[in-house]
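Colleague: One structure is given below, represented as structure tokens, and several questions about it will come after.
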């Protein structure tokens, strides 16, 4: 775990709701696509660890928090809109960059 | 507060408090939490969307709440939900389960019975998907109800007629309280109104409330009942001659007295006299001055031989000075209430009530005074108001029309006569006692206040130096008359003496005449006798020894 990734993402979910699973699958898909190997995803289930909600100011579920790089960004929702997620995470599609 | 809601907030149900910015929503809800924790042993959760816990704690520390300590004792949990638009991106479906979980966690961790969400509308500014938000909020309130916690939700007042900007009242329908912060005549008054309260009898009026160092206090506009105990005990007005005018005993305890008069007629002096008398009786007295500062009053009263300072030192007298414009009428009323509750005086003086008019309209002042009088009567406190009447006001009405409310009304007025002004006082009314109908002259001397009977003479009512002059005049007249009388007396004496002398003279004359007459008479008798004797002797001599028996018998 000592290895630092370029992107550290944390996904807050509450139980195994359809929205949460959708969000997780969407996230994994985008990351594989755009940040291959440079990311780490941490999934926190608030039903298990409710005390963690305070730290990242979570009020909506699901919420994706980008811990690294700074500044912290949050994306709420099931991440179904790829472009918005990428903009939110400040990841531009590789094709656009070039 | 509990009184007007008929027992407080609905337990186990959400209540909405809405109002404009700065009208005390946060404070009211926070007080609810803190009081719950301190007084009722119900711990509470405060979810702040606007302010950070540290800020909150700091803000309410100024009104005496120690949030940090309560937090440490696990009585209160402050939670700050930060919503920053710039950090948040929305994509797709989501819900507020996270908030629920946080709230649920907070509630469970300290076993909270009370929850405050302040201000939940911030969610709307942070999130764009209103459809989801509304649905989620509805779910939230439902969930709170299920949890059985008493919740307060605060909301900003919206534009126009709507109570809240986002129409929150649609969801929270059990109890809605509107706070209002109104500025009338440059003076702000906070008001509270219960718009809706299911299953509770509540007052529907607007109730003024205020925030001070003790937190929030609300007071009902009017007391609902007009049933008060009355006392037949009488208390002195502090001016013996005034007491004499009032059936010799003074005012009833628990009554209200109005002293009205034009400027400089000595209203404050009368009021101070009254206060002084109360203190002399070892009663407590509260003096609210709206014109002068306490020190000024004490100094001024010293000039008429009244030492209020010693009563202040003895803790019997308290002077409160405040400019009427310092705060709204309602605030004044609340302040007066609080002071009275704290100090528990038997006598209260307000000097003068007319100044309050600068803060509110006549109607408002009257309403305030009605409430004050009601309150004081309930507490069996005797109150004295002073009121300034203007020279231009012909009718003897006070500006506030309080004359019908008070039990006794003294009128002090200027009597301008002979190039000088004097004070006249009379009792306009005094319920339930015989009182003098006379105008008395009211004099303020080095020795205090006194009432002097005015001179009622052939020239009409005289006061001041005219009265003195008239008195002097009378005295001279009296002296002259008495002088004349003695002279006459002496003359009579002399006459009598003369007459007596004459009588004596005549008497002696009469005596001498009498003597003379007597002398003649005796002489005649003697002559008669002598001649008789002579005749007998002659007869005897003529008859010789004849008829001696006769002579003897005759002689006898």
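Colleague: Taking the criterion of being surrounded by fewer than 15 Cβ atoms within 10 Å (Cβ to Cβ) and either modelled with pLDDT of 85 or more or in contact with a helix residue (DSSP H, G or I) (Cβ under 7 Å, 6 or more places away or on another chain) (or both), would at least one residue in the range B:327-338 satisfy it?
Modeller: Among the residues of the range B:327-338, not one is surrounded by fewer than 15 Cβ atoms within 10 Å (Cβ to Cβ) and either modelled with pLDDT of 85 or more or in contact with a helix residue (DSSP H, G or I) (Cβ under 7 Å, 6 or more places away or on another chain) (or both), which makes the answer no.
Colleague: Out of the residues in the range B:311-330 that are in a helix (DSSP H, G or I) and touching a strand residue (DSSP E or B) at 6+ places or on another chain (Cβ under 6 Å), which is farthest from residue B:356 (Cα to Cα)?
Modeller: If we take residues in the range B:311-330 being in a helix (DSSP H, G or I) and touching a strand residue (DSSP E or B) at 6+ places or on another chain (Cβ under 6 Å), then B:311 is farthest from residue B:356 (Cα to Cα).
Colleague: Of the conditions (1) within 14 Å of chain A (Cβ to nearest Cβ); (2) more than 25 Å from residue B:40 (Cβ to Cβ); (3) at pLDDT 70 or above, residue B:77 satisfies every one except a single condition; which number is it?
Modeller: (2)
Colleague: Let me ask something else. Please go through the range B:283-310 and pick out each residue that is part of a loop (DSSP other than H, G, I, E, B) and at negative phi.
Modeller: Scanning the range B:283-310 gives B:283, B:284, B:290, B:291, B:292, B:293, B:303, B:304, B:306, B:307, B:308.
Colleague: How many residues are farther than 19 Å from residue B:292 by Cβ and modelled with pLDDT of 75 or more when one looks only at the range B:380-402?
Modeller: Counting residues in the range B:380-402 that are farther than 19 Å from residue B:292 by Cβ and modelled with pLDDT of 75 or more gives 3.
Residues are listed down the side, and each one gets a yes or a no for (1) at pLDDT 80 or above; (2) within 30 Å of residue B:232 (Cβ to Cβ); (3) in the same structural domain as residue B:250 (by TED's automatic domain parsing):
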residue	(1), (2), (3)
B:293	yes, no, yes
B:322	no, no, yes
B:325	no, no, yes
B:368	no, yes, yes
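Colleague: Another question, if that's okay. Just one of A:89, A:46 is in contact (Cβ under 8 Å) with a residue 60 or more places away in the chain, at negative phi and within 9 Å of chain B (Cβ to nearest Cβ); which is it? Give the derivation first.
Modeller: Working: A:46 fails: in contact (Cβ under 8 Å) with a residue 60 or more places away in the chain.
Among A:89, A:46, only A:89 is in contact (Cβ under 8 Å) with a residue 60 or more places away in the chain, at negative phi and within 9 Å of chain B (Cβ to nearest Cβ).
Colleague: Now for a separate question. Select, from B:131, B:111, B:148, the only residue that is surrounded by fewer than 21 Cβ atoms within 10 Å (Cβ to Cβ), within 14 Å of another protein chain (Cβ to nearest Cβ) and modelled with pLDDT of 65 or more.
Modeller: Being surrounded by fewer than 21 Cβ atoms within 10 Å (Cβ to Cβ), within 14 Å of another protein chain (Cβ to nearest Cβ) and modelled with pLDDT of 65 or more holds for just one of B:131, B:111, B:148, which is B:131.
Colleague: Restricting attention to the range A:49-63, which residues are in contact with a helix residue (DSSP H, G or I) (Cβ under 8 Å, 6 or more places away or on another chain) and more than 9 Å from chain B (Cβ to nearest Cβ)?
Modeller: none
Colleague: Only one of (1) at pLDDT 75 or above; (2) within 25 Å of residue B:48 (Cβ to Cβ); (3) surrounded by fewer than 21 Cβ atoms within 10 Å (Cβ to Cβ) fails for residue A:38. Which number is that?
Modeller: Evaluating residue A:38 over (1) at pLDDT 75 or above; (2) within 25 Å of residue B:48 (Cβ to Cβ); (3) surrounded by fewer than 21 Cβ atoms within 10 Å (Cβ to Cβ) leaves (2) as the failure.
Colleague: Take the range B:25-48 and flag every residue that is surrounded by 21 or more Cβ atoms within 10 Å (Cβ to Cβ) and in a loop (DSSP other than H, G, I, E, B).
Modeller: B:43
Colleague: Could you check, for the range A:84-91, whether at least one of its residues is over 17 Å from residue B:94 (Cα atoms) and either at pLDDT 80 or above or surrounded by fewer than 15 Cβ atoms within 10 Å (Cβ to Cβ) (or both)? Can you show your working first?
Modeller: Filtering the range A:84-91 for residues over 17 Å from residue B:94 (Cα atoms) gives A:86-87, A:89-91.
Imposing the further condition that a residue be either at pLDDT 80 or above or surrounded by fewer than 15 Cβ atoms within 10 Å (Cβ to Cβ) (or both) reduces the set to A:90.
The answer is yes, given that some residue of the range A:84-91 is over 17 Å from residue B:94 (Cα atoms) and either at pLDDT 80 or above or surrounded by fewer than 15 Cβ atoms within 10 Å (Cβ to Cβ) (or both).
The values are calculated or read from the model by the stated rules, or taken from the named source; none is laboratory data. Just so it is clear, the model here is predicted, and its values are computed rather than measured. As a convention, Cβ positions derive from the backbone with ideal geometry for all residues, glycine included, and neighbour counts pool all protein chains shown.
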